[in-house]
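Report on one structure; see the data block that follows.
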Amino acid sequence: MMETVNPTNERAMLLRLREGDHEAFGKLFSSYSPIITGHLLRLLKVPELVEELVQDTFLSLWEHRERIDPDKPLKAYIFQIAINNARDLFRRAMHDKRIRALFYQTVSEGYEHIETELIRKENSDLLSRLLDRLPERQRNVYILCKVEGLSYREVSGRLGISENTVNSHIKRANALLKEYLAGSAEVMILLILFLF
């Protein structure tokens, strides 16, 4: 059962934690691990990796407990540790096939969510870099449909191509973008930094 820590007793527990009190650590873990887990699951969508990151986050909290300022809320400090650990995970993905495979599956399954985020933040360098990898005609069709929100019929009329051709360009562009997102550790790192 999750134990909630209120601001009044959090300070007392942080002081005990700084002294190496395992019971205080356990209560803080019970209170904050579900919040961290939920945040990382929404971001990464890979439960196996999230579990590792949560453990690493709280291990780091324990190992560096003397740095904790008991007068500041713990939540921001723990979130920063979790974010740093997630960034490190993406860097490790460059060299670890197992991590890349887990992300590839997630990117493939959740591509529409990632695509929506990229388009919503359409002025980002990451979206521009990804779109630059597409052939010119595919890129133009993709931008008109996905970024500018034109219908296939409108794009067809504007570019003088059939709606089936527009559909084909979108399908191929989606496949290429999905492949770039999943296969490039560099892009994965940019994506995690971008979505944070």
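The table below lists the values:
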| read-out | value |
| --- | --- |
| Qualifying lysines (Cα of each under 29 Å from Cα of Lys171; at least 8 residues distant if same chain) | Lys45, Lys97, Lys121, Lys146 |
| Probe 1.4 Å, all protein chains present, accessible-area order of Lys171, Lys75, largest first | Lys171, Lys75 |
| Distance histogram in 5 Å bins (all Cα pairs of the stretch 1-85, percent per bin) | 3, 15, 28, 26, 17, 8, 3, 0 |
| Peptides 16-24, 38-46 ordered by average Cβ neighbours within 10 Å, highest first | 38-46, 16-24 |
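The values are calculated or read from the model by the stated rules, or taken from the named source; none is laboratory data. No experiment lies behind these values; they were computed from the predicted model shown. No Cβ is skipped: glycine too gets one built from the backbone with ideal geometry, and neighbour counts run over all protein chains shown. Calculation scope for accessible area: heavy atoms of the full protein, side chains included, ligands and nucleic acids excluded. Shrake-Rupley method; radii C 1.70, N 1.55, O 1.52, S 1.80 Å.
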